[in-house]
Amino acid sequence: MVAVRRATAPLLLAGALLLTGCSDDAPAAPAPAAPAPAPVVTRTTTTPTPSPSPSSVTSVAPPSTPSTPSEAGKVVVLDPGHNGGNGAHPAEINRQVPAGRGQTKPCNTTGTATNAGYPEHAFTFDVAQRVGKALADKGIKVVYTRQDDNGVGPCVDRRAAIGNDADADAVVSIHADGSEAAGANGFHVAYSAPPLNAAQGEPSTRLAQTLRDTMRTGGFSTANYIGTNGLSARADLAGLNLSTRPAALVECGNMRNATEAARMTSADGRQQFATAIAAAIEAYLAS
Ligand code: ZN
C-alpha cells in the first residue's frame, strides 16, 4: 500500500475526487520504522492428561470427541475494502476521520483497479462474501462491515468500530493493491505495529502470520515489492490502529500485475483467494 499512493482509480471518476491507491487510508503518515521484530509465536499444545482408564470391562467412549470444532460459535468480522459508491461521493469519503495514533485520514478511498477496469471494491466484496460463506458453514458467526457493493463507505473508523462492537474473535480486512512498479506482484498481510493494545500484539501478529502461512500453502506468492516475507508492520492504517480486537489486513495481490489481475477477475480465482483466507481464519480460531 505504501507504494501505491498514486492515482490509480479509473478515469471515470470525477476530477475533484481524491484519487487513491488501495489502502484503507489515503496519503499520509510516513512509513513506520517498523523495527518491531516479528514476535515468535509460541504456542504450547497442552496434552490432555490421560484420565485414568476405568477398569470396567465395558468399553467406554473416547474421552472427548473432536467432532465439535472449537471455532464454532466464534465471531469473525470481514471488512471488504472500499465501496462501489465511493467514487461518486468525494465529499463523503474525503471527510477526515480519526485514524489512531493521533492522526486523521479520509473516511475512505476509492481503491484501485486492474488495468482493464475491474475495481478493487468489487473484488474485495466478492471475496469477502465467499470467505463468509465458508466460515458460516462451519458455524462461525460472520459480520460484514458493508452489506453491498454500491454504497458509500463506511469510514475506516466505523469499520474498526464494527469489529470492536461485535467483540470479534478475528477481524480481517480484504484488499488488493495497485502498484505500478515493474514486476510487482504477490500478497502481503499488514498488522498494527507498534501495537496500541493487547489485541494488536500477539493475537494480531499471529493472525497475520497464519494468513501469510496459509495463503502461501494455498499457492499464493508473497509480495516481492513490499513487506518482508509476506508480512508488513504498519503504523498508518486506521482500521488496524483503531481495532481492539485481533485484526489483520490482507492485500491479496497486485491488480496492476497482468497475471494477478487475471486471477482476481475470474470467479474461480476469487474462490481460491477466499478458500485460503477462510482456511487461515479457521486455523487461527482453532489455535
Ligand atoms: Zn484497498
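Scanning the stretch 78-97 for residues that are under 20 Å from the mean Cα position of the chain (by Cα) and either over 12 Å from GLY151 (Cβ atoms) or in a strand (DSSP E or B) (or both) turns up LEU78, ASP79, PRO80, GLY81.
Looking across the stretch 159-181, the residues that are assigned to a helix (DSSP H, G or I) and within 16 Å of the ligand (Cβ to nearest atom) come down to ARG159, ALA160. The helices (runs of 4 or more DSSP H) found wholly in the stretch 196-287 and carrying at least 3 residues that are surrounded by fewer than 18 Cβ atoms within 10 Å (Cβ to Cβ) occupy 202-217, 258-265, 267-286.
Scanning the stretch 134-158 for residues that are part of a loop (DSSP other than H, G, I, E, B) and more than 22 Å from ALA91 (Cα to Cα), we see that the one that is farthest from the ligand (Cβ to nearest atom) is GLY139.
We did not get these values from a lab; they are worked out from the coordinates using the rules stated. Predicted, not measured: the structure shown is a model, and the values here were computed from it. Don't worry about glycine lacking a Cβ; one is built from the backbone with ideal geometry, like all the others, and counts go over all protein chains shown.
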